[in-house]
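As structure tokens, the structure follows; a few thoughts come after it.
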Amino acid sequence: MNFTKVVLFTDTDGRARFREEAVALDEGKPQARLSALMPSGGCQLRMSPVGFRSEFHCTETPQWVFILGGQMEIGLQDGSSRLFGPGQHFFSADVLPSGARFDAATHGHWSRQVGDEPLVTLFVRG
């Protein structure tokens with residue numbers, strides 16, 4: 001049994017992309033499967049008001065993003081985007097490539113709140 005981990009990452013061309021990875025749920029009991037314990041570096045809660053939208057940016061420190069309320073859209077340089085709602089997640093790891101200077105036309109992603117409810121997120125450092 002596996003958990004699907006959605007990952008926002010920096011590809012070899014420096015652009016952010018999404019991929020999915022399987023996380024084995026091979027611990028626990030048959031009625032409650034668990035992954036191996038993962039280290040974390042703390043967590044933060046964030047509330048973004050209706051109308052929030054960021055500029056293109058890279059993730060500074062890889063972290064899990066869990067949507068607790070509202071909806072979050074993540075947009076990529078190729079014009080695609082992905083919408084996340086309550087109970088959904090992604091692992092944000094689209095860091096700036098080593099030695100690169102940030103270029104808003106190449107690197108990173110943008111995020112925005114969608115709908116008529118504030119966006120409530122939980123960030124857990126990886």
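The values are calculated or read from the model by the stated rules, or taken from the named source; none is laboratory data. These numbers come from a predicted model, not from an experiment. When we count neighbours, we look across all protein chains shown, and the Cβ atoms used for this are built from the backbone with ideal geometry, even at glycine.
When segment 16-49 is examined, which residues are found to be more than 20 Å from residue 87 (Cβ to Cβ) and in contact with an Asp or Glu (Cβ under 7 Å, 6 or more places away or on another chain)?
16, 17, 36
Go through segment 57-93 and report how many residues are more than 18 Å from residue 121 (Cα to Cα) and either among the charged types (D, E, K, R) or buried (at least 17 other Cβ atoms within 10 Å of the Cβ) (or both).
Number satisfying all stated conditions: 3.
Here is a list: 108, 126. Which entry is modelled with pLDDT under 95 and closer than 14 Å to residue 9 by Cβ?
None of the other options fit; the residue is 126.
Filter segment 3-22 down to the residues that are in contact with a Ser or Thr (Cβ under 9 Å, 6 or more places away or on another chain) and exposed (fewer than 13 other Cβ atoms within 10 Å of the Cβ) and list them by number.
Within segment 3-22, 13, 20, 21, 22 meet the criteria.
Which pairs turn up if I take residues in segment 97-126 that are closer than 30 Å to residue 87 by Cα and look for partners that are outside any loop (DSSP other than H, G, I, E, B) and among the aromatic types (Phe, Trp, Tyr) with beta carbon separation below 6 Å, at least 6 apart in sequence or on another chain?
Note: pairs meeting the criteria are 122/66; 124/64.
Within the set of pairs 6+ apart or on separate chains, which have a first residue in segment 47-60 that is within 14 Å of residue 116 (Cα to Cα), a second that is exposed (fewer than 12 other Cβ atoms within 10 Å of the Cβ), and C-beta atoms under 7 Å apart?
50/116
For segment 94-126, which positions are of a type in the set (Gly, Ala, Ser), under 19 Å from residue 52 (Cα atoms) and surrounded by fewer than 17 Cβ atoms within 10 Å (Cβ to Cβ)?
Listed by number, the residues that qualify are 104, 115.
In the list 87, 51, 42, 70, which residue meets the criterion of being small (Gly, Ala, Ser), modelled with pLDDT of 95 or more and under 14 Å from the mean Cα position of the chain (by Cα)?
Exactly one of 87, 51, 42, 70 is small (Gly, Ala, Ser), modelled with pLDDT of 95 or more and under 14 Å from the mean Cα position of the chain (by Cα), namely 87.
When the residues of segment 23-46 are narrowed to those that are without any contact (Cβ under 8 Å) to a residue 60 or more places away in the chain and of a type in the set (Lys, Arg), which ends up surrounded by the most Cβ atoms within 10 Å (Cβ to Cβ)?
Among those that are without any contact (Cβ under 8 Å) to a residue 60 or more places away in the chain and of a type in the set (Lys, Arg), it is 33.
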